[in-house]
Amino acid sequence: MTEQKASGQRRLTRDDWITAALGAIADGGLAAVGVEPLAVRLGATKGSFYWHFENRDALLEAAIRRWEKETTTDVVLRRLGFPPAEARRRALLAYSAYLGHGQLAHSTPGVLPATKPGRRAYLNDAIHALTTR
């Protein structure tokens with residue numbers, strides 16, 4: 001939740017930075033997560049970043065943990081009956097696959113299936129590999 005500064009400007013929270021990092025990852029992969037570009041994106045200073053995080057790696061770890069909790073462990077893998085430790089391992093694998101897919105799409109898009117049926121089969125294979133015991 002954001003707070004208001006005495007000047008009326010919005011005070012960024014740790015969650016604001018994590019949300020921005022996840023947006024940057026979605027837009028351009030891990031390479032897009034940099035302190036300065038995120039500060040510009042949020043209209044903040046680097047000092048605001050360092051108030052909440054020791055370094056970029058700490059931000060990435062927090063972003064991965066949130067993504068994992070909100071989109072995999074809590075929603076998909078636990079509902080499939082995986083015990084918590086295995087759900088967490090598979091969530092990390094799913095996130096790694098997601099990042100790899102984003103990098104491929106950005107750097108070498110010709111490697112990925114080009115047709116809708118090909119993309120659907122690719123996605124089904126990935127989901128099957130991640131969710132089958």
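What follows draws every value from the coordinates through simple rules; no lab data is involved. Bear in mind that the values here come from a model prediction, so they are computed numbers and not experimental data. Quick reminder, even Gly has a Cβ in these numbers, built from the backbone with ideal geometry, and neighbours come from all protein chains shown.
So for V40, V76, fewest C-beta neighbours within 10 Å to most, what's the order? Please report the intermediate quantities before stating the final value.
Working: V40 10, V76 17.
With the sparsest Cβ surroundings first, the list reads V40, V76.
If you place +1 on the Cβ of every Lys and Arg and -1 on the Cβ of every Asp and Glu, how big does the dipole about the Cα centre of the chain come out, in debye to the nearest 20?
320 debye
Along the Cα→Cβ direction, 7 angstrom out, place labels at R119 and D27. What is the inter-label distance in nm?
2.1 nm
At most 16 other Cβ atoms within 10 Å and a DSSP loop assignment: could you name the GluC sites (Glu not before Pro) in segment 24-133 that fit?
When the GluC sites (Glu not before Pro) of segment 24-133 are filtered for loop state and at most 16 Cβ neighbours within 10 Å, E54 remain.
If packing is taken as the mean number of other Cβ atoms within 10 Å per residue, what is the order of 104-111, 14-21, highest first?
Result, highest mean Cβ count within 10 Å first: 14-21, 104-111.
Once the dipole of the chain is set up with Lys and Arg at +1 and Asp and Glu at -1 on Cβ about the Cα centre, which of F49, P84, A26 lies farthest towards its positive end?
Value computed over the given set: P84.
Mind pulling the angle between the C-alpha long axis of helix 116-131 and the longest principal axis of the chain? Nearest 10 degrees, somewhere in 0 to 90.
Here the helix axis deviates by roughly 80 degrees.
Excluding S96 itself, what net charge comes from residues whose Cβ is under 12 Å from its Cβ, given Lys and Arg +1 and Asp and Glu -1?
+1
To the nearest 0.05, what FRET efficiency results for A85 and T13 with a Förster distance of 41 Å applied to their C-beta separation?
Values: r = 30 Å, r/R0 = 0.73.
Result of the calculation: an efficiency of 0.85.
Toward the positive end of the charge dipole of segment 3-131, about the Cα centre and with charges on Cβ (Lys, Arg +1; Asp, Glu -1), which of A63, Y98, P117 goes farthest?
Going by the Cα projections, it comes out as P117.
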